[in-house]
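Colleague: Got a structure here, written out as structure tokens. Questions coming.
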């Protein structure tokens, strides 16, 4: 696997889903190696997956490719990236070929068509190995910026045996970039149901005490980087509407980003700053505890002003696995896992009143909330564990390998 984002240490929140997929595939008998950019914070990770890191930046401060650092507000590419792209691609290609010499590869899998697709496609051509590309959202968005990026992404998609999107919208965008329709497939992310699981009411009370959360409040939790496409400003705008019916409601947001001060100002202007808790980014191992302490997850994703949108935030699956109902926007990959009226509610994107009504509906009825949460957990166990998702990826790999074998 070639990826520009991969956890640099056990507590890192950068693309843990890539590591989870790699380890799930390894558990099913595959030998999985990851190639990722070097980073000063990177440490060896335990487990069955080998991770080789490659240096590409001329200065440590310029190591911005991946880990959500090259895109400002998820809308503008850092100007340094234009200098770094050829250095990154060259270093990534060398790292893949070096790995192939030491441990011959059967298949190359690139996460994010940009920036990783070109290096992976060239490595696939040089080695004669099949290529699979996974799309996650920001890569398809960046690909639409200019003719060069569009052409490059389209070429990469045409080199791949299969292009995997985590949402139907991303698949459609990839088709418009030039990915052959017959090579596109949609596979959502997965979740570890052992790490993310429901807790008893007593344990929930203990968690709230340990996390400094009010024991009797109704907590709406939202998790993600504070950037426009997350739609958290609509969630803050919905908060006074929810509070008018449910006075004990609180909004807990975990994450950091450039929109933090704007959210604080909006909450103050609406008179709900005392109901908003911004805890910043928390280590990934802490995320289950916060989800288990909450009453509902809100994921009000939107298409931002530049057209960027999430593919499928993994925190949604993590919340569902914890038996937490989810209120989400009807955009991108969210309807794949949030089934309206079964394990949560879907609302139109960008509409604070609709978001508020759905939150009130879920929060005001404890029995209904428990029913939604029980269904959420059941559907995860039936469909969206990493072991289930890894089986779908293995089928894609096998088809790619069989197609290659048929050429000889």
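The values are calculated or read from the model by the stated rules, or taken from the named source; none is laboratory data. Fair warning: this is a prediction, and the values are worked out from it, not measured in the lab. Counting neighbours? That spans all protein chains shown, and the Cβs are built from the backbone with ideal geometry, glycine included.
Colleague: Residue check: is residue 258 within 17 Å of the chain's Cα centre (by Cα) and either free of Cβ contacts under 8 Å to residues at least 24 places away in the same chain or closer than 27 Å to residue 19 by Cβ (or both)?
Modeller: Here the answer is no, as residue 258 does not meet what is asked.
Colleague: Moving to a separate point now. For residues that are part of a loop (DSSP other than H, G, I, E, B) and either under 22 Å from residue 102 (Cβ atoms) or modelled with pLDDT under 85 (or both), tally how many sit in region 23-38. Please lay out each step first, then the result.
Modeller: The initial filter retains those residues of region 23-38 that are part of a loop (DSSP other than H, G, I, E, B), namely 28-32, 38.
Subsequent filtering for residues that are either under 22 Å from residue 102 (Cβ atoms) or modelled with pLDDT under 85 (or both) retains 29-32, 38.
Counting residues in region 23-38 that are part of a loop (DSSP other than H, G, I, E, B) and either under 22 Å from residue 102 (Cβ atoms) or modelled with pLDDT under 85 (or both) gives 5.
Colleague: Another question, if that's okay. Has region 58-71 got any residue that is more than 21 Å from residue 21 (Cα to Cα) and part of a strand (DSSP E or B)?
Modeller: Yes; the residues of region 58-71 include at least one that is more than 21 Å from residue 21 (Cα to Cα) and part of a strand (DSSP E or B).
Colleague: Still on this structure, I have one more. Can you find a residue that is out of contact with any helix residue (DSSP H, G or I) (no Cβ under 8 Å at 6 or more places or on another chain), assigned by TED's automatic domain parsing to the domain that holds residue 398 and more than 23 Å from residue 160 (Cα to Cα) anywhere in region 25-34? Spell out the reasoning first.
Modeller: If we filter region 25-34 for residues that are out of contact with any helix residue (DSSP H, G or I) (no Cβ under 8 Å at 6 or more places or on another chain), which is where we start, we get 26, 29, 31.
Still in the list and also assigned by TED's automatic domain parsing to the domain that holds residue 398: 26, 29, 31.
Of the ones still in play, those that are also more than 23 Å from residue 160 (Cα to Cα) are 29.
Among the residues of region 25-34, at least one is out of contact with any helix residue (DSSP H, G or I) (no Cβ under 8 Å at 6 or more places or on another chain), assigned by TED's automatic domain parsing to the domain that holds residue 398 and more than 23 Å from residue 160 (Cα to Cα), which makes the answer yes.
Colleague: Tally the residues that are out of contact with any helix residue (DSSP H, G or I) (no Cβ under 9 Å at 6 or more places or on another chain) and either modelled with pLDDT of 95 or more or surrounded by fewer than 16 Cβ atoms within 10 Å (Cβ to Cβ) (or both), restricting the search to region 39-60.
Modeller: The number of residues fulfilling the criteria is 6.
Colleague: Filter region 158-208 down to residues that are surrounded by 18 or more Cβ atoms within 10 Å (Cβ to Cβ) and free of Cβ contacts under 8 Å to residues at least 24 places away in the same chain, then give me how many there are.
Modeller: So the answer is 1.
Colleague: With 243, 165 as the choices, which residue is in contact with a strand residue (DSSP E or B) (Cβ under 6 Å, 6 or more places away or on another chain) and closer than 27 Å to residue 125 by Cβ?
Modeller: 165
Colleague: Filtering region 12-22 down to residues that are assigned to a loop (DSSP other than H, G, I, E, B) and modelled with pLDDT of 90 or more, which residue is surrounded by the fewest Cβ atoms within 10 Å (Cβ to Cβ)?
Modeller: Per the criteria, the residue is 12.
Colleague: Does residue 130 fit the bill of being farther than 22 Å from residue 311 by Cβ and surrounded by fewer than 19 Cβ atoms within 10 Å (Cβ to Cβ)?
Modeller: no
Colleague: Name the single residue, out of those in region 72-90 being surrounded by fewer than 21 Cβ atoms within 10 Å (Cβ to Cβ) and touching a strand residue (DSSP E or B) at 6+ places or on another chain (Cβ under 8 Å), that is nearest to residue 397 (Cα to Cα).
Modeller: 77
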